[in-house]
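Here the structure is laid out as structure tokens; the discussion comes afterwards.
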Amino acid sequence: MSIKDEMNRKEHFRKAVWETPFHPRTSALNSVNEWHRWKDYTTADVFFDTALEYAAIRNACAVFDLTPMTKHLITGPDALAFLNRLVTRDVAKIKPGRVGYCVWCDDNGQVIDDGTVFHLREGVFRLCSQERQLDWLSRSAHGFDVKIVEDTHEVAALALQGPTSCAVLKAIGCAGAEMMKPFDIRYFPFAGSELMVSRTGFTGDLGYELWIDPPRALELWDALFDKGENHGIRPMGTHALEVARIEAGFIAAQVDFHCANQAIMLDRSRSPFELDLGRLVDFSKPNFNGRRALLEEKKKGSRFRFVRLDVEGNKPARSAYIYDKDKNVVGTVTSAEWSPSAKANIAYASMHMPWGRPDDELWAEIYYQRELKWSRVMARCRVVEGVFWDPPRRRATPAADF
Amino acid sequence: MTDRDRIVVIGGGHNGLVCAAFLARAGREVIVLEAAAQVGGAAVTREFTKGFRASGCAHLSYLLDAGIARDLKLASHGLKWARTGLKTVALASAGDHLVLDGGKLESGTLSESDRAALAAYHAQMLRFARVLAKQHNRQPPRLGGGGRSDFMGAAKLGLDIRLLGRDSMREFLRIAGINIYDVLEEKFESPLLQGALALDAVLGANLGPRSNNSILALLHRLSGQSNGNNGFSLPEGGMGAIGEAMAAAARAAGATIRTGSPVARITLEGDVVSGVELENGEKIAARTVVSNADPARTLLSLLGARHLETGFVHRVRHIRMKGMAAKLHLALDALPAFARLPAELAGERLLISPDLVYLEHAFDHAKYGQCSPEPALEITIPSVHDKTLAPAGKHVLSAIVQYAPHDPRASGDGPRRELLEHTLGVLERHAPGLRRQIVGSELLLPADIERVFRITGGHWHHGELALDQMMMVRPVPGAAQYAMPVTGLFLCGAGCHPGGGVMGAAGRNAANAVLATERAA
């Protein structure tokens, strides 16, 4: 029974955590049986070994079940106007068949969430978000002729990421997929249904996201693993994706920023500028949520600066305080990993202004445990321009087979 | 001066006219656009039956700001008083009426302790009301604004409360947010006195005597008496005379007033106001638009939610502004005889609210969409003092009927007929034979007040006067300084601080805010 049916019968509460339509396959492959809860779905942390799954992302291809991601279908005559008032960038520039990354703010210019706008067909949009947003979207809809449906449970989705992903796609019948540019959407016939493919992802590599009706989900999975065997396909869990995400420069809600509508303390939320997302703010639009506050911030200056750090040594600086040379706390690490591809100890940090300038002398305070004994190192940090991992194949069109 | 320097005032209600007058006096080109055929808004006199005229909405003047009346020379612009300082008569069906003049009992039976308590209560409430009155002419401080004037504004308010003295301050803070029922139960024995005093706290409000905030609503009503006016007063020619005098003052200062000119929308260029468009399609360019319409109508209908931000729109949509009062106008062929009330008192302010439970029950019915079987009434017969309202020897009775259902369960004309019948039943009980004197009648339900006076929700005050909708959070947090988020748009109506009642303070404060914004630009 589908989740929607269960919800309609008001029986969904009997099961606190749902399984995605791919669960029969993911559970069979999960040899370590490690799961966590992601927006009320059970999701694999790891299938066998994080390092091998990560290696598949960068050297072959890996499949990630992203069905739990919150999705909204936005239609109606005012859909574009509604989205343009909601998000900070100009949605009119996202043409039909294209995807755009965006953030949306409250009236104070503080980021509520980030996500992607899919312009599925002329005037029909899908908004994917990290957090549940129906309440905010419904509030924002007042005065617009727009219909908003959260359809998270009605779309099964997989991320297929890595250098051989395009070859696998073509092998399952997506002829011409190599001509898709980054952020393109294409529709392919599949198993008597329609497979939507977008050249998007969370790994910073060549990769795609595949969207299909839940009843066709297992057929899609089987086709990928059948045709992908010779292309090194593997399932991946969230741990491997997390490493790839940080290398690629993507931020995560509730990790790198606290959602503004959940923040109680005034200084816990962040503006787009404070997340290094100023490029997503388009002041040429006459109105959008947060515009006045962001203009004011532009004038008066931001409170925080988001930076990428290269940290000395090999111990990830998770949740570390950042100090200046006089031992004052000047920032906090929000995400940190050892990057196998960059061969670097990388981190994101939220710095108090004016700290985080390229030649600031910064130190991360890293605690680690060996045989139950805690040790501390002060590791020198260098502010890095750009992201840690950005291979040409991420953008190359046509996509190569590798 | 170019078209762009013009200031358009949407709505020729009393606040709009006061705002226009002060802006015109400051040398601005001002155009007032009034949708109705006559100016005044809720301060208006209408003919409801051939030859009989009544104040269509507000029927007593008790809040008019004396400073504004003086500055605008309303007297020389034709404002005359037919009667000032009306006494209050609490009608008892048995005939033992209480006649009150402020805190003094003029006639009727009250215990010794009630007499003393009444004097003390009246004095104390006036003292508290003075704290509110002092805020009327100040722009509320911006919460979290951090500016010097915001800090000073908040400090002045705190100081005014502190200056009440220790005991009074404690009492003020104790009762400011609570309900009139508890306070009156605590102080008085006489049910009739309690009922009458309670009615003043809930008139026009969506509050029963047991509802929190009813004390604040009372203090607002009393704040006029400490503001230098003459208590409950009747202008000659009805309340419309106030609107007319304000209009005359505005015209004399150079403002243009166009009636019958409903505005369809406020126009923008980018995120800045560019003018207004009338319902007939005419466009008027203006750099500044000041709206006397209520906040919901101004922001959601005339401007449009899409030009504002989500959080702000959400707050505006949830302003509590459901009217629960109806207005009754009766044309009578003779002066009604109230049982055992001397005829010379028939022109005073007559209250029918025999006790607290009566009043609360009246509220209960309306709260659930029904017509109160026994509504409470505030009655005036202005024709006793003012011969211009009715043919010689005939009279006009104007009453506020508390409560009318905001969302009647029944549809069509049923609720109006039902409430009229109930109201006449109550009146007949106190003035036997009154029904036979009626030659014409009109009952305006909240929906009619919404339609006729273009007030969203039909609430006189353009929004409930309550702790969460007063001063620095009126109409909504972040917009209490008259300037709206869209550059060039201001509010000047009762929906802003200091609220409703025919006062004019919101209009003058808004004019000051417009001029201050110009200076800062």
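The values are calculated or read from the model by the stated rules, or taken from the named source; none is laboratory data. Predicted, not measured: the structure shown is a model, and the values here were computed from it. Please note: Cβ atoms are built from the backbone with ideal geometry, for glycine as well, and neighbour counts cover all protein chains shown. Surface areas here come from the heavy atoms of the whole protein model, side chains and all, with no ligands, DNA or RNA. Shrake-Rupley method; radii C 1.70, N 1.55, O 1.52, S 1.80 Å.
Among residues of region B:484-510 that are away from chain A (no Cβ under 14 Å) and closer than 21 Å to A:R292 by Cβ, those with a Cβ under 7 angstrom from a residue that is of a type outside the set (S, T, N, Q) and part of a helix (DSSP H, G or I), sequence gap 6+ or separate chain, pair up as B:F490/B:A510; B:F490/B:A513; B:F490/B:V514; B:L491/B:P295; B:L491/B:A510; B:C496/B:A506; B:C496/B:A510; B:A510/B:C19. When A:S165, A:S140, A:S193, A:S129 are screened for being open to solvent by less than 40 Å² (accessible area, probe 1.4 Å), under 23 Å from A:L277 (Cβ atoms) and more than 14 Å from chain B (Cβ to nearest Cβ), only A:S129 passes. For region A:100-113, filtered to residues that are under 15 Å from A:T200 (Cα atoms) and open to solvent by less than 10 Å² (accessible area, probe 1.4 Å), the residue that is farthest from the other protein chains (Cβ to nearest Cβ) is A:G100. Of A:G356, A:G313, all but one fail to be assigned to a loop (DSSP other than H, G, I, E, B) and touching a Lys or Arg at 6+ places or on another chain (Cβ under 7 Å); the exception is A:G356.
The rows are residues; the columns are (1) free of Cβ contacts under 8 Å to residues at least 12 places away in the same chain; (2) over 27 Å from B:Q481 (Cα atoms); (3) under 28 Å from the mean Cα position of the chain (by Cα).
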| site | (1), (2), (3) |
| --- | --- |
| B:A129 | no, no, yes |
| B:L143 | no, no, yes |
| B:R148 | yes, no, no |
| B:L159 | yes, no, yes |
| B:R166 | yes, yes, no |
| B:N179 | no, yes, yes |
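Contact annotation: residue pairs with Cβ atoms under 6 Å, 6 or more positions apart or on different chains, pairing a residue in region B:304-320 that is more than 7 Å from chain A (Cβ to nearest Cβ) with a partner that is part of a loop (DSSP other than H, G, I, E, B) and β-branched (V, I, T), are B:R315/B:V476; B:V316/B:V476. In this entry, B:T298 is excluded by the filter for residues that are at pLDDT 95 or above, closer than 26 Å to A:A81 by Cβ and touching a helix residue (DSSP H, G or I) at 6+ places or on another chain (Cβ under 6 Å). Screening B:E112 on (1) surrounded by fewer than 14 Cβ atoms within 10 Å (Cβ to Cβ); (2) touching a Lys or Arg at 6+ places or on another chain (Cβ under 9 Å); (3) not aromatic (F, W, Y) shows it passes everything except condition (2).
Residue-wise test of (1) closer than 29 Å to A:A141 by Cα; (2) open to solvent by 10 Å² or more (accessible area, probe 1.4 Å); (3) under 21 Å from the mean Cα position of the chain (by Cα); (4) not β-branched (V, I, T).
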residue	(1), (2), (3), (4)
B:A285	no, yes, no, yes
B:K322	yes, yes, yes, yes
B:A325	no, no, yes, yes
B:A331	no, no, no, yes
B:A337	no, yes, no, yes
B:V357	no, yes, no, no
B:D364	no, yes, no, yes
B:S372	no, no, no, yes
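Residue count for region A:348-375 satisfying the condition of being charged (D, E, K, R) and within 16 Å of A:V329 (Cα to Cα): 4.
For region A:53-81, residues that are within 14 Å of chain B (Cβ to nearest Cβ) and either buried (at least 20 other Cβ atoms within 10 Å of the Cβ) or of a type outside the set (D, E) (or both) total 5.
Yes or no, residue by residue, for (1) open to solvent by 10 Å² or more (accessible area, probe 1.4 Å); (2) small (G, A, S); (3) at pLDDT 95 or above:
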{"position": "A:G207", "(1), (2), (3)": "no, yes, yes"}
{"position": "A:A217", "(1), (2), (3)": "no, yes, yes"}
{"position": "A:D222", "(1), (2), (3)": "yes, no, yes"}
{"position": "A:F225", "(1), (2), (3)": "yes, no, yes"}
{"position": "A:H231", "(1), (2), (3)": "yes, no, yes"}
{"position": "A:G237", "(1), (2), (3)": "no, yes, yes"}
{"position": "A:A244", "(1), (2), (3)": "no, yes, yes"}
{"position": "A:G249", "(1), (2), (3)": "yes, yes, yes"}
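The condition of being more than 26 Å from B:P432 (Cα to Cα) and either open to solvent by 40 Å² or more (accessible area, probe 1.4 Å) or in contact with a Gly (Cβ under 6 Å, 6 or more places away or on another chain) (or both) holds for only one of B:A120, B:A94, that being B:A120. Answer yes or no as to whether A:N84 is within 14 Å of chain B (Cβ to nearest Cβ) and open to solvent by 10 Å² or more (accessible area, probe 1.4 Å). Judged against the criteria, A:N84 is a match. Residue under question is B:G369, and the condition is that it be within 20 Å of B:T456 (Cβ to Cβ) and not assigned by TED's automatic domain parsing to the domain that holds B:G488; does it hold? Spelling it out, B:G369 is indeed within 20 Å of B:T456 (Cβ to Cβ) and not assigned by TED's automatic domain parsing to the domain that holds B:G488.
With the condition kept exactly as written, say whether any residue in region A:251-259 is aromatic (F, W, Y) and under 21 Å from A:R85 (Cβ atoms).
no
The set of residues in region B:229-259 that are under 16 Å from B:F453 (Cβ atoms) and of a type in the set (D, E, K, R) is empty. The single residue among B:R221, B:R130 that is of a type in the set (K, R) and out of contact with any Leu (no Cβ under 8 Å at 6 or more places or on another chain) turns out to be B:R130.
Inspect region B:245-261 for any residue being under 20 Å from B:K387 (Cβ atoms) and surrounded by 15 or more Cβ atoms within 10 Å (Cβ to Cβ) and give the result as yes or no. Yes, some residue in region B:245-261 is under 20 Å from B:K387 (Cβ atoms) and surrounded by 15 or more Cβ atoms within 10 Å (Cβ to Cβ). Of the residues that make up region B:262-285, is at least one within 14 Å of chain A (Cβ to nearest Cβ) and assigned to a helix (DSSP H, G or I)? No, that holds for no residue.
Yes or no, residue by residue, for (1) under 24 Å from the mean Cα position of the chain (by Cα); (2) within 13 Å of chain B (Cβ to nearest Cβ); (3) surrounded by 15 or more Cβ atoms within 10 Å (Cβ to Cβ):
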residue	(1), (2), (3)
A:F257	yes, no, yes
A:N261	yes, yes, yes
A:M265	no, no, no
A:R270	yes, no, yes
A:D276	yes, no, yes
A:L295	no, yes, no
A:F304	yes, no, yes
A:R308	yes, no, yes
A:I322	no, no, yes
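Screening B:K73 against (1) in a loop (DSSP other than H, G, I, E, B); (2) open to solvent by 10 Å² or more (accessible area, probe 1.4 Å); (3) within 22 Å of B:L444 (Cβ to Cβ) leaves a single unmet condition, (3).
Considering only residues of region A:1-30 that are among the aliphatic types (A, V, I, L, M) and at pLDDT below 75, which is farthest from the chain's Cα centre (by Cα)? Only one residue fits best here, namely A:M1. Return yes when B:A42 is among the hydrophobic types (A, V, I, L, M, F, W, C), in a strand (DSSP E or B) and buried (at least 22 other Cβ atoms within 10 Å of the Cβ) and no when it is not. Spelling it out, it is not the case that B:A42 is among the hydrophobic types (A, V, I, L, M, F, W, C), in a strand (DSSP E or B) and buried (at least 22 other Cβ atoms within 10 Å of the Cβ). Does B:V290 qualify as being over 22 Å from the mean Cα position of the chain (by Cα), over 20 Å from B:Q469 (Cα atoms), away from chain A (no Cβ under 12 Å) and crowded, with 17+ Cβ neighbours inside 10 Å? Spelling it out, it is not the case that B:V290 is over 22 Å from the mean Cα position of the chain (by Cα), over 20 Å from B:Q469 (Cα atoms), away from chain A (no Cβ under 12 Å) and crowded, with 17+ Cβ neighbours inside 10 Å. Looking at region A:187-300, the helices (runs of 4 or more DSSP H) lying wholly inside it that each contain 1 or more residues that are under 29 Å from B:M484 (Cα atoms) sit at A:291-300.
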